[in-house]
1. Please report, in debye to the nearest 20, how large the charge dipole of the chain is about its Cα centre when each Lys and Arg carries +1 at its beta carbon and each Asp and Glu carries -1 there.
2. Out of the GluC sites (Glu not before Pro) in the range 66-144, which ones are loop residues according to DSSP with at most 12 other C-beta atoms within 10 Å?
3. Would you kindly state how much longer the chain becomes between LEU90 and GLU121 on full extension, computed as 0.36 nm times their sequence separation minus their alpha carbon distance, in nm to one decimal?
4. Quick one: helix 100-117 against the long Cα principal axis of the chain, what's the angle to the nearest 10°, folded into 0 to 90?
5. Considering the options TYR80, LEU35, THR7, tell which one lies farthest towards the positive end of the dipole of the chain, charges being +1 on Lys and Arg and -1 on Asp and Glu at the Cβ, about the Cα centre.
6. Order the peptides 18-28, 69-79, 86-96 from the highest to the lowest mean number of other Cβ atoms within 10 Å of their residues.
7. Test of understanding: in a Gaussian network model of the chain with alpha carbons linked when under 10 Å, which of ASN104, ASN123, ASN16 would top the mean-square fluctuation ranking?
8. Once you have the Cα-Cα distance between THR110 and VAL82, take 0.36 nm times their residue separation minus that, and quote the gain in nm to one decimal.
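None of the figures in this text is laboratory data; all of them are computed from the coordinates on show. Everything numeric in this text was worked out from a predicted model, so none of it was measured. Cβ atoms come from the backbone with ideal geometry, glycine included; neighbour counts cover every protein chain shown.
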Amino acid sequence: MKLYINTKKIILKEDNIEHELILKAKEEEFLGYDLIIDTEIVKQIDDRYIVREEKTWWSFPLYEIIDNKIVDFDYTQYKYFVDTNRRMTLAKKIGKVYNPASENKIMRKTLKKILDHLELEDNSFEKYNRKVSDIIEKNPKDNN
């Protein structure tokens, strides 16, 4: 059976080899497929090809491409996949501290200073910056 395959290449520290992991497999052509492989190895359940494990929230890859063939991939052998809980915990902690509105304000002011210093005009930025400034002026801190 021919499968249309979507892949992602990743270099893992343990072996420093580029792995081409399978993200999606279908019998019919779809946008973004990377290659077509004739294979019987990929499991199928109810017209779905299972290329990622389904026991965890993270949905780790089960197969990779080596020499244009699909082979099993054991994600448990790689720290990148095993440390997922740690990475997500850090992302949540950073998310609590990070303030997107503050960051946008800093970026707007920085870009404005750079444009002014270089004596450049960017009408789309000026229009955007004016709209944001007007909204901020109409909603002072003490009213919220």
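1. Details: 27 positive and 28 negative charges, 240 e Å.
The dipole magnitude comes to about 1160 debye.
2. GLU119, GLU121
3. Details: separation 31, 0.36 × 31 = 11.16 nm, distance 3.96 nm.
Once the chain is fully extended between LEU90 and GLU121, it gains 7.2 nm.
4. So the inclination is approximately 60 degrees.
5. TYR80
6. Numbers: 18-28: 16.5, 69-79: 13.7, 86-96: 9.9.
Highest-to-lowest ranking by the protection proxy: 18-28, 69-79, 86-96.
7. ASN123
8. Details: separation 28, 0.36 × 28 = 10.08 nm, distance 3.91 nm.
Length gained between THR110 and VAL82: 6.2 nm.
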